[in-house]
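The values are calculated or read from the model by the stated rules, or taken from the named source; none is laboratory data. Since we're looking at a predicted model, the values are computed, not measured. Virtual Cβ from ideal backbone geometry, glycine too; neighbours counted across all protein chains shown.
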Amino acid sequence: MKPKVLILRTAGTNCDAETDVAFQLAGAETDLVHIQNLISTKTNLSDYQILAIPGGFSYGDDIAAGILLAVEMKHKLKKALHQFVDDKKLIIGICNGFQVLVRTGLLPGTELNPQNDNEETAQSTTLAMNTSAKFECRWVELVTQQSPCIFTKGIKQHLYLPVAHAEGRFTAPPNVLTELETNNQIVLRYGNGTKLSTEKTAYPHNPNGSDADIAGICDITGRIFGLMPHPERFLTKWNHPRWTREELPDEGDGLAIFKNAVNYAITNLK
Amino acid sequence: MSNKVNEFQIINANDAELMRISQEETLSLNLNEMQTIQDHFAKLQRNPTDVELETIAQTWSEHCVHKTFKSMIIYSEKGKETEQIDGLFPTYIQRATEEIDKPWCVSVFSDNAGIIEFDETFNLVFKVETHNHPSAIEPYGGAGTGIGGVIRDALGTGLGAKPILNTDVFCFGLPDTPYKKLPKGTLHPKRVFKGVVAGVRDYGNRMGIPTANGAILFDSRYTANPLVFCGNVGLIPKDRCDKSVEPGDLIVAIGGRTGRDGIHGATFSSAELDDTSENLGSVVQIGNPIMEKKIVDALLQARDRNLYRSITDCGAGGFSSAVGEMGEDTGAEVHLERVPLKYEGLAPWEIWLSEAQERMVIAVPSDNLEELMEICEAEMVETTVLGKFTDTHRLQVFYEGSVVVDLDMHFLHKGLPQHVKKATWQPSQNKEMPSRDNKTEDYTEDLYKLLASPNIASKESVIRQYDHEVQGGIVIKPLVGVKNDGPSDACVTTPIIGSEKAVIVANGINPKYSDVDPYLSAASAIDEALRNIVAVGGTLEKTALLDNFCWGNPDKPDRLGALVRAAKACYDIATAYGTPYISGKDSLYNEYRDTTTGEQRAIPSTLLISAICVMPDVCKAITMDVKSPGNLIYVVGKTYVELGGSHYFNIHGYIGNTAPVVRPSEGKPTMDKLSSAIDNSLVCSCHDCSEGGIAVAAAEMAFSGGYGMLLNLVNIPTSEETTHDDFLLFSESNSRFLVEVEPENKDTFEKHMTDVPIGCLGTVTDTSDFIINGLTGKTVLETTINKLKSAWQTPLHS
């Protein structure tokens, strides 16, 4: 049976259609579900194995990116979300979805915040305004790190994906960054083909000024993944900005991330 | 302001009083129109209410009915017989489309956007609008609501299209204008530039629509009247392209609430600006893209479930135009007190006319109302039944039980008297610039200057602020090449991920040539738009055009004469190329008057041609960056000594008198053969020759691909013996391309291009040197691609 993916929508979500295509190409059955339908329990999160929070400007990113949707999820879907995580199911947040996951505290995860009362997940990291102080759309090189992340398992070491955001600078206090390193929770870093691995990646290769060049992180189980770049925008070679001048495989770099999730669900979830 | 309805005492008014009312109420109606209204109400033996008079003024505004394009024009040109033209639009635009008669044109000029066929399941809609006056006063809000408005045009076409692409073209004053030289009451061009870009960025990005094509032009005459063209392409199922209204259908408003913003936008845009216009803040609307996104999300679901029969957007004139247009053939009854308001205190006419954004009106059979309401509630969009369509052929509006409008639909829509306008044109006489061959032997500095001139310089800092990747369909991006930073000729998108069927969107605009002749400017804009389509792999056969005219005051005979010249070119060139117009728009009265000095400035006559082409197989698309050292560089098409209005003349302070001519008898076979060569994979890269001519095109191809070039001017096919290197380098003759061909395809390519003038200029080199040798064999241009690129990238870097 095909795993079921719930692609969460709300006012201002705008990458839902291509995220939908990505999961379908990866072999999943998908539903685009408005958060109102989850709150009213017209749709039950428990019927799904994968939750995807796509990119966009949820509620206009008023106050800050992703914050209103995060608050809504924390307060109105708390039980269902906790159950989903407890059931060891998969969650991916892309761009605005990553911002939401960080603001709910689902990333980097409660274990990082022992002071937490366990009732409420708290936010220990953030995605701040780009150092360039503006929205930018460009393709970036990504270096896959050693991590427990389900979504990037066995994926090639260098990925090429587009970013498009104004608030994507991952930042955290030094102790949290160290902890992320120690737990191997850093999944993707912005890279630059020519730089030495110990050097910080310079703008525009690190497009937003993220601490430690962080482009994506997971929770310690590897089942919750958030990233600023858009894997759903590189599904076929035609998406690549230089397909007219380079030999490329037909499949885009982004598809593997969705395939990993679907394959994991087929084997481990029902 | 109160909730009261006032009467205007017009039936016994004299001419002076009529004109006073028109001016004081910003009605923008002339005496003849006021008299027609007076006669109508005299017969009814009553005076109109303010709501009625405002409704008529909106419906009859230049913005809504394009009366200049429909007026009778008495046109005279020096040395020629006076001509009588019964409407520029029917004579030159509509007629062109009718004569070209493409079977794939589904709907032209009748709906909110034109519709053409795409594949077995879908059609495409395309519309370009302007939002000039609002952007002059409040750049951020004006531009944002400009893009918001044109998206609603796509959504209001047929039963609603899904927006898939935005295109934006801006014209601003020069960025280095000294503050002291700013006309009174106007904003600095840099401020306008920044605000407009931010407005388009924030609206388009939030809507999740890729902004993947555009242009930015600069000229001092745009300082007081910047131009903001916003376009949108939408995808619509084939069986959702028709609309109708049945008596009894409910009039349902969906979306944002109504406030006092944007009142008189339609009539305001039909007047000139002056140094007091900045005080007219309320004519600019306030945008909320997330509201619009919710409307799109809700309406597309309702469309697919067939819940409504007709739809239109609330644009200029607000509900008055939307309901008035939808009910033209039936009749309509509206209850204004039901309209959800942002705040209390609006007079009935304000509710009726407000151009508050993000509102659509749909015609809903009453049985479907409940299901529609469910969808809208789930998407959190406010939806209100305002009234119903009737069979009375009257527009009847009520406020708290009393009648505030009772107008005959026929009078409202057909009562406008045709204008008769005078137009004259005489050729300008500009100082001619001689070749500089006798002054210099080296044109490297000229090339740097051209690349750095703001019209040509890289717009990367703007392009990157737009999300051009969202929806996952853009396959030829606005920036291309080895470093993703070269200037693409056009963008290509595949709206259905996984399908190879693609859409190309491009544009052409050449206001500088209208200083020589608006006919040549318009013709060149068409040629340029088509060149851009062909350069990425499109064909004339499958290309449709949109015309957007931005002009000065058409009540002045010389401005109107220029418009006649341009319209004539639109007919001549489109019919010759076989590319029909499917939609268009005009924005006139782009003039600024300093009320203290009386100084009057008009914008350069500006025609934007937008082109859309359906491409069967995206695999065949190519880009403009050179691909490989050793490949040959050809020029395709003949070069004439045509530098009037060129950028080369411009940087030396000249205009000249010989702007580029379009010769479709040469241009059409050139483009057709080149399309077929590209389709046969004989071309590795292709770039059109436009601003700055062959030299600029070659430089852009070289630095975008990361390789040098060694070229020779001797083989350029020319019209006559030309002995001047600078003219060959920088002439802007139309219908020309530079192409890159692999040496092993040399013969096949040359054979393929038989009967088309081509010349091999040289090769791509595995160095960074960019060298051009002149007619005598001496090097006339020598530099590196890094220097060229830096000259091009620096000026508008931030």
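Observations on the model:
- Condition met for residue B:479 (aliphatic (A, V, I, L, M), under 19 Å from residue B:701 (Cα atoms) and more than 13 Å from chain A (Cβ to nearest Cβ)): no
- Consider region B:428-474 and keep the residues that are among the acidic types (Asp, Glu) and within 30 Å of residue A:252 (Cα to Cα). The one that is farthest from the other protein chains (Cβ to nearest Cβ) is B:460.
- Counting only helices (runs of 4 or more DSSP H) wholly contained in region B:74-170, the ones carrying 2 or more residues that are under 20 Å from residue B:289 (Cα atoms) occupy B:132-137, B:139-155.
- Of all residues in region B:288-306, those satisfying the criterion of being away from chain A (no Cβ under 11 Å) and either assigned to a loop (DSSP other than H, G, I, E, B) or of a type outside the set (A, V, I, L, M) (or both) are B:303, B:304, B:305, B:306.
- Region A:140-165, residues that are within 21 Å of residue A:56 (Cα to Cα) and surrounded by fewer than 21 Cβ atoms within 10 Å (Cβ to Cβ): A:160
- Qualifying residue in region B:243-251 (condition: modelled with pLDDT of 95 or more, among the polar types (S, T, N, Q), outside any helix (DSSP H, G or I) and touching a helix residue (DSSP H, G or I) at 6+ places or on another chain (Cβ under 7 Å)): no
- Residues of region A:231-250 classified as closer than 22 Å to residue A:92 by Cβ, of a type outside the set (S, T, N, Q) and facing chain B (nearest Cβ under 7 Å), total: 3
- Condition met for residue B:488 (within 14 Å of chain A (Cβ to nearest Cβ), within 21 Å of residue B:538 (Cα to Cα), small (Gly, Ala, Ser) and within 23 Å of the chain's Cα centre (by Cα)): yes
- Residues located in region A:12-66, provided they are assigned to a loop (DSSP other than H, G, I, E, B), touching a Leu at 6+ places or on another chain (Cβ under 9 Å), of a type outside the set (A, V, I, L, M, F, W, C) and at pLDDT 95 or above: A:12, A:43, A:44, A:48, A:49, A:54
- Qualifying residue in region B:780-794 (condition: among the hydrophobic types (A, V, I, L, M, F, W, C) and under 30 Å from the mean Cα position of the chain (by Cα)): yes
- Total residues in region A:23-58, condition surrounded by fewer than 20 Cβ atoms within 10 Å (Cβ to Cβ) and either basic (Lys, Arg) or on the phi > 0 side of the Ramachandran plot (or both): 3
- Taken over region B:113-156, residues that are closer than 21 Å to residue B:495 by Cα and either of a type in the set (S, T, N, Q) or at pLDDT below 90 (or both) amount to 2.
- Close pairs (8 angstrom Cβ cut-off, 6 or more residues apart or separate chains): free of Cβ contacts under 8 Å to residues at least 60 places away in the same chain in region B:785-798, polar (S, T, N, Q) anywhere: none
- If only residues of region B:35-70 that are crowded, with 21+ Cβ neighbours inside 10 Å and part of a loop (DSSP other than H, G, I, E, B) are counted, the one that is farthest from the chain's Cα centre (by Cα) is B:48.
- Among residues that are in contact (Cβ under 8 Å) with a residue 60 or more places away in the chain, acidic (Asp, Glu) and either more than 14 Å from chain A (Cβ to nearest Cβ) or at positive phi (or both), residue B:202 is not included.
- A single entry from A:40, A:46 fulfils the requirement of being more than 14 Å from chain B (Cβ to nearest Cβ) and either out of contact with any Pro (no Cβ under 9 Å at 6 or more places or on another chain) or among the β-branched types (Val, Ile, Thr) (or both): A:46.
- Whenever a residue of region B:763-782 is closer than 14 Å to residue B:632 by Cα, it has no partner that is at pLDDT below 95 and of a type in the set (A, V, I, L, M) lying with C-beta atoms less than 8 angstrom away and at least six residues away or across chains.
- Residues satisfying the stated conditions in region B:532-564, i.e. surrounded by 24 or more Cβ atoms within 10 Å (Cβ to Cβ) and over 24 Å from residue B:129 (Cβ atoms): B:534, B:535, B:536, B:537
- Some residue of region B:695-706 being of a type in the set (Val, Ile, Thr) and more than 17 Å from residue B:793 (Cβ to Cβ): no
- Residue check for residue B:562: more than 14 Å from chain A (Cβ to nearest Cβ), out of contact with any His (no Cβ under 6 Å at 6 or more places or on another chain), among the hydrophobic types (A, V, I, L, M, F, W, C) and not in a helix (DSSP H, G or I): no
- Residue check for residue A:177: surrounded by 24 or more Cβ atoms within 10 Å (Cβ to Cβ) and in contact (Cβ under 8 Å) with a residue 12 or more places away in the chain: no
- Qualifying residue in region B:624-647 (condition: surrounded by fewer than 20 Cβ atoms within 10 Å (Cβ to Cβ), touching a residue at least 60 places away in the same chain (Cβ under 8 Å) and within 14 Å of another protein chain (Cβ to nearest Cβ)): yes
- Single condition residue B:366 does not satisfy, out of (1) modelled with pLDDT under 95; (2) surrounded by fewer than 16 Cβ atoms within 10 Å (Cβ to Cβ); (3) of a type in the set (Gly, Ala, Ser): (1)
- Residues of region A:161-185 that turn out to be within 14 Å of another protein chain (Cβ to nearest Cβ) and farther than 30 Å from residue B:209 by Cα, as a count: 0
- Hey, residue B:569 closer than 28 Å to residue B:664 by Cβ and either modelled with pLDDT of 95 or more or of a type outside the set (Ser, Thr, Tyr) (or both) or not: yes
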